[in-house]
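Everything below concerns the one structure shown next.
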Amino acid sequence: MGRRPLIAGNWKMYKNCQEAVEAAGEISMLVADVLSDIDVMIAPTFTALAPVAEKIEDSPFFIGAQDIFWEKEGAYTGQISADMLISAGCKYVIIGHSERRQFFHETDDTVNKKIKAALDADLVPVLCIGETEQERENEKTFSVLDNQIKKGLEGFSPEDLKNLVIAYEPVWAIGTGKTATTDQAQEVHNYIRDLIGKILGTDLADDMRILYGGSVKPDNISELMAMTDIDGALIGGASLDPESFSKIAHFT
Ligand code: 13P
């Protein structure tokens, strides 16, 4: 059986509606031949979700959002609910990205609420975790990940989390050109899978997709994907160019 790879693009705050639609159209043609073997997802900015979904309507690749708010509706100016994401064509939602933790005061507690909102609506959460450079230097990597996972996933059953995706993104490797070595990445992915096994059971851990993120490029994806516990990638910079994103999706 094995875990189905997922190659996901996080477009962050790049590309307006027209640019996003154009790039998504190119990507849908470029990756068409791999979609029988892997899942491909792109996460444009909120305003581009619906036009992108409309553009790629006939292509079996997925759209994700970059964030979600946990309430169903209400007087929460500027926030976006799960139902709004679904009606815009989303299947996935990225939760707890380090940029949201760093710049927008996201905490493990808000991450937990957002995961609940996503699961209640049948969206697939992509939970982002990762240590900073200082935490790694101080040998805190595993304790940081422990906390992010235990608090982020508190209160959920293995059944609740059967579709959850985890993205390990060492903060020091995001947008810096520094990639974790394949051994460093594999070590952490293996640690994460073990931890999930201990707290939620090995069946869930064996099936869970754990993505690597942080300066993934066409020239390093193959060696990352060759690692036992790396099931895909969450790509920032290199996902903005359809050609380079497509090369990554053709990692085999
Ligand atoms: P880069 O690929 O630009 O390092 O970004 C990674 C990331 O943050 C994806 O969510």
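We did not get these values from a lab; they are worked out from the coordinates using the rules stated. This structure is a prediction, so every number in the text was calculated from the model and none was measured. Cβ coordinates were reconstructed from backbone atoms using ideal geometry, including for glycine residues, and neighbour counts include every protein chain displayed.
Could you tell me which chymotrypsin sites (Phe, Trp or Tyr not before Pro) in the stretch 16-121 are loop residues by DSSP with no more than 11 other beta carbons within 10 angstrom of their beta carbon? Could the numbers behind the result be given before it?
Details: sites: Phe46, Phe61, Phe62, Phe69, Trp70, Tyr76, Tyr92, Phe103, Phe104; in loops: Phe61, Phe69, Trp70, Tyr76, Phe104.
Those that pass, being in a loop and sparsely packed, are Tyr76, Phe104.
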Using R₀ = 22 Å, calculate the FRET efficiency as 1/(1 + (r/R₀)^6) where r is the Cβ-Cβ separation of His250 and Met227; round to 0.05. 0.75
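Tell me what the chain gives for mean residue ellipticity at 222 nm when only DSSP H runs of n ≥ 4 count, each as -39,500 (n - 2.57), the sum divided by the residue total, rounded to 500 deg cm²/dmol. Before the final figure, lay out each step's value.
Values: 11 runs with 104 residues, N = 252.
Taking each H run of at least 4 residues, the total per residue is -12000 deg cm²/dmol.
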Rounded, prolate or oblate: which one fits the stretch 1-46, using the alpha carbon gyration tensor with axes a ≥ b ≥ c (rounded when a/c is under 1.5, else prolate when a/b beats b/c, else oblate)? oblate
Using the Kirkwood radius over Cα pairs, work out the Stokes-Einstein diffusion coefficient for the chain at 20 °C and 1.002 mPa s, in µm²/s as a whole number. 119
Considering lysine pairs in the stretch 55-171 that are 8 or more places apart or on different chains, how many have Cα atoms under 12 Å apart? 4
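Find, among the GluC sites (Glu not before Pro) in the stretch 140-229, those assigned to loop by DSSP (not H, G, I, E, B) with at most 16 other beta-carbon atoms within 10 angstrom. Mind showing how you got there, number by number?
On the way: sites: Glu154, Glu159, Glu187, Glu223; in loops: Glu154, Glu159.
Sparse-neighbourhood loop GluC sites (Glu not before Pro): Glu154, Glu159.
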